[in-house]
Amino acid sequence: MLISYRKNLNRTIFLAMMSFFVLPVLATIYQALAYGFSLQCLAAVISTQIMFIMDTVEINLRFHSQQADYRKARYEAEHDGMTGLLNKEAGWKRMREYFNHMSSRDEALLMFIDIDDFKTINDTYGHTAGDFWIREVASQLRHIYRQDDIICRYGGDEFLALIRNTASEQVLETTLGIFFQQLARTSEQHGQDVHCSVGVCRIAATRIRRNTGISRNTDEGNGEDIRGEVDFDQCVKQADLALYETKRSNKGRFTVYNYTPPPARIRKHLRLNA
């Protein structure tokens, strides 16, 4: 145990604890070889080693217990109690960190998922049914997407999902197709009309091809990247607008907006007349 915790102990404490165990053993062996066994000395050494081992085991158990309590507290602080997904604060933080490290070559899909007419579901089938559908949608999202994707419960019946390192429309259509099918199957099994609307902000990677054509994200074919850093708040806003568009005209489906950067701030230069 001491050797396994070597990295967690400073050099002085590690050597002191090792010497407390090793030196009495070496002294006992030397005494036995040079002068013969002393039962009293041997008993004292053995009892000391037993005490040392028991104390070390106790410290080890206490350390692991504290680590487990810390992990549990951290998990509860970062996760939603009903669904087991990240809560809004933790999910928001991780997504923002991902966006802060994105370059013009990176891509992603940011999705708002909302259970349609959730108040009607609660009023018609009861709040127990409403809680069931929140957990069911969370479970399906967790199973469809990868572990390194970021999915959180945004609040109430809304979810926010960041699908990392892909902006493929085929991947989007396939995964959301599976999600809608599974939700429809579960809805039919329970005899309840439940479906979700989705709004997507698609951040496509910049393709720089100098003087070989005009790219959507380049400056008129000159090959200069004008997309800049991806604005997380702007992306969330566009995904929310896409969700609103879906709920307004085509509930139970999804709408995709391609990411567009926010307009550059115009600085007004004021000239003071003397």
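The values are calculated or read from the model by the stated rules, or taken from the named source; none is laboratory data. Keep in mind the model is a prediction, meaning the values are calculated, not measured. Cβ: placed from backbone, ideal geometry, glycine included. Neighbour counts: every protein chain shown. Calculation scope for accessible area: heavy atoms of the full protein, side chains included, ligands and nucleic acids excluded. Shrake-Rupley method; radii C 1.70, N 1.55, O 1.52, S 1.80 Å.
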*What about Leu110, is it at pLDDT below 95 and either open to solvent by 40 Å² or more (accessible area, probe 1.4 Å) or closer than 20 Å to Ile144 by Cβ (or both)?*
no
*Could you check, for segment 53-67, whether at least one of its residues is in a helix (DSSP H, G or I), within 39 Å of the chain's Cα centre (by Cα), exposed (fewer than 11 other Cβ atoms within 10 Å of the Cβ) and among the small types (Gly, Ala, Ser)?*
yes
*When only residues in segment 85-107 that are modelled with pLDDT of 95 or more and part of a loop (DSSP other than H, G, I, E, B) count, which is surrounded by the most Cβ atoms within 10 Å (Cβ to Cβ)?*
Leu85
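For Thr128, are the conditions met, namely being open to solvent by 60 Å² or more (accessible area, probe 1.4 Å) and more than 30 Å from Val256 (Cα to Cα)? Before the answer, list the steps.
Values: open to solvent by 60 Å² or more (accessible area, probe 1.4 Å): yes; more than 30 Å from Val256 (Cα to Cα): yes.
Answer is yes for this residue.
Kindly establish whether Asp131 is outside any helix (DSSP H, G or I) and at pLDDT 90 or above. It would help to see each step written out before you state the result.
Numbers: outside any helix (DSSP H, G or I): no; at pLDDT 90 or above: yes.
When the stated conditions are applied, Asp131 does not pass them.
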*Some residue of segment 121-129 being of a type in the set (D, E, K, R), without any contact (Cβ under 8 Å) to a residue 24 or more places away in the chain and closer than 27 Å to Ser103 by Cα*: no
*Got a number for residues in segment 14-44 being open to solvent by 80 Å² or more (accessible area, probe 1.4 Å) and either closer than 27 Å to Asn60 by Cα or touching a strand residue (DSSP E or B) at 6+ places or on another chain (Cβ under 9 Å) (or both)?*
4
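If I filter segment 146-165 down to residues being in contact with a Phe, Trp or Tyr (Cβ under 9 Å, 6 or more places away or on another chain) and outside any strand (DSSP E or B), which single residue comes out as surrounded by the most Cβ atoms within 10 Å (Cβ to Cβ)? Before the answer, list the steps.
First, the residues of segment 146-165 that are in contact with a Phe, Trp or Tyr (Cβ under 9 Å, 6 or more places away or on another chain): 150-154, 156-164.
From the residues that got through so far, the ones that are outside any strand (DSSP E or B) too are 156-157.
Working: Gly156: 12, Asp157: 20.
Within segment 146-165, the match that is surrounded by the most Cβ atoms within 10 Å (Cβ to Cβ) is Asp157.
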*Mind listing just one residue for me: the one in segment 131-145 that is aromatic (Phe, Trp, Tyr) and without any contact (Cβ under 8 Å) to a residue 60 or more places away in the chain and, of those, surrounded by the fewest Cβ atoms within 10 Å (Cβ to Cβ)?*
Phe132
